[in-house]
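Worksheet: the structure to be examined is printed underneath.
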Amino acid sequence: MKKILIIGGSSGVGEAITKKVAANNNVIATYRNNFKENTENIEYKEFDVIENQPEKLEIDGPLDSIIYCPGTINLKPFHRFSEQELIDDFKINVIGFLKILSFFKKNLLNRENASVILFSSIAAQKGIPFHTQVACSKGAIEALTRTLAAELAPKIRVNAIAPSLLNTPLSTKFLNTEKKIDANKDRHPMKEIGDPNDIATLVDFLINNQAKWMTGQVINFDGGLSTL
Ligand SMILES: NC(=O)c1ccc[n+]([C@@H]2O[C@H](COP(=O)([O-])OP(=O)(O)OC[C@H]3O[C@@H](n4cnc5c(N)ncnc54)[C@H](OP(=O)(O)O)[C@@H]3O)[C@@H](O)[C@H]2O)c1
């Protein structure tokens, strides 16, 4: 069985991925606020990418994949973001990830078909008003996906998924009335909100050997919104 580290495995997409990949792999999943009990194949550890250092996770052995889920959706006109808000957002999305990968790169090396999965957003490639903060951080994630894929090939594959609106706790404020749900479904060509369980299936493919020739890719997962 492979050993998979999931940062942010306690909610939303990370929770769905944790459950999916634990069917066939040993998983170490982290939580920040949403405490989770260990189950068969899943060991949970408390971890905050801003407050803590990766040593706290106490992982010594080899890892086959790292999946990094923490992210944010803070929307407002660009001039209303404070410098500190932009820095905090960048820390969760980008610096936190680099901290984790810098520390655990040694655990991934020398594994057959090691891989890293990141999360971008539709707002990195498509211009959407009031998405300055998301665009800054996720634009960096997409650039990092290609840079790191080049730097780490052929030992470690690096890919990202760029979703549009998903049904998770992070997006509750956009989906808390029937009117908002209908409007958000309607603006997607496929007329639905994204399902975290579908992303989990995509991640399960990306970490497996059938994806061994895929690296440096950003995969749009957005009901057709980015291209149609
Ligand atoms: N939801 C969407 O519509 C959407 C759209 C585009 C892109 N995305 C991206 O997809 C990814 C997953 O989103 P999601 O909707 O699943 O988010 P979510 O429901 O908020 O889940 C985020 C996960 O990361 C953990 N986390 C948050 N901040 C953390 C920190 N500082 N340190 C350590 N762990 C932290 C959370 O832990 P606790 O819950 O235990 O605190 C949780 O397990 C994010 O990168 C997001 O930007 C989401």
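From the list 170, 118, the lone residue that is open to solvent by less than 40 Å² (accessible area, probe 1.4 Å) and either more than 9 Å from the ligand (Cβ to nearest atom) or touching a Ser or Thr at 6+ places or on another chain (Cβ under 9 Å) (or both) is 118. Go through the range 1-15 and give me each residue that's more than 6 Å from the ligand (Cβ to nearest atom) and free of Cβ contacts under 8 Å to residues at least 60 places away in the same chain. Correct list: 1 only.
Within the range 17-31, residues that are basic (Lys, Arg) sit with their Cβ atoms under 6 Å from residues that are open to solvent by less than 10 Å² (accessible area, probe 1.4 Å) and within 13 Å of the ligand (Cβ to nearest atom), at 6+ positions apart or across chains, in these pairs: 20/200.
The rows are residues; the columns are (1) out of contact with any Lys or Arg (no Cβ under 6 Å at 6 or more places or on another chain); (2) open to solvent by 20 Å² or more (accessible area, probe 1.4 Å); (3) touching a residue at least 60 places away in the same chain (Cβ under 8 Å).
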site	(1), (2), (3)
189	yes, yes, no
196	yes, no, yes
199	yes, no, yes
207	yes, no, yes
212	yes, yes, yes
220	yes, yes, yes
224	yes, no, no
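What residue, of 64, 60, 89, is acidic (Asp, Glu) and touching a residue at least 60 places away in the same chain (Cβ under 8 Å)? Just a single option satisfies the conditions, and that option is 64. Please specify each residue of the range 28-44 satisfying the condition of being among the charged types (D, E, K, R) and either touching a Gly at 6+ places or on another chain (Cβ under 7 Å) or within 12 Å of residue 18 (Cβ to Cβ) (or both). Scanning the range 28-44 gives 36, 43. Taking the criterion of being among the hydroxyl-bearing types (Ser, Thr, Tyr) and under 13 Å from the mean Cα position of the chain (by Cα), the residues of the range 116-144 that qualify are 120, 121, 137. When restricted to residues that are basic (Lys, Arg), under 19 Å from the mean Cα position of the chain (by Cα) and open to solvent by 70 Å² or more (accessible area, probe 1.4 Å), the range 82-108 contains 2. Only residues that are open to solvent by 40 Å² or more (accessible area, probe 1.4 Å) and within 9 Å of the ligand (Cβ to nearest atom) were counted in the range 142-167, giving 1.
Conditions (1) farther than 28 Å from residue 216 by Cβ; (2) within 15 Å of the ligand (Cβ to nearest atom); (3) surrounded by 15 or more Cβ atoms within 10 Å (Cβ to Cβ); (4) of a type in the set (S, T, N, Q), marked per residue:
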residue	(1), (2), (3), (4)
17	no, yes, yes, no
20	no, yes, yes, no
35	yes, yes, no, no
50	no, yes, no, no
54	no, yes, yes, no
58	yes, no, no, no
61	no, no, no, no
80	yes, no, no, no
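Being at pLDDT 95 or above, under 17 Å from residue 73 (Cβ atoms) and surrounded by fewer than 20 Cβ atoms within 10 Å (Cβ to Cβ) is true of residue 139.
The values are calculated or read from the model by the stated rules, or taken from the named source; none is laboratory data. These numbers were taken from a predicted model, which means no experiment stands behind them. Here Cβ is always computed from backbone atoms with ideal geometry, including for glycine, and neighbour counts include all displayed protein chains. Side chains are part of the model used for accessible areas, which takes the heavy atoms of the whole protein and leaves out ligands, DNA and RNA. Shrake-Rupley method; radii C 1.70, N 1.55, O 1.52, S 1.80 Å.
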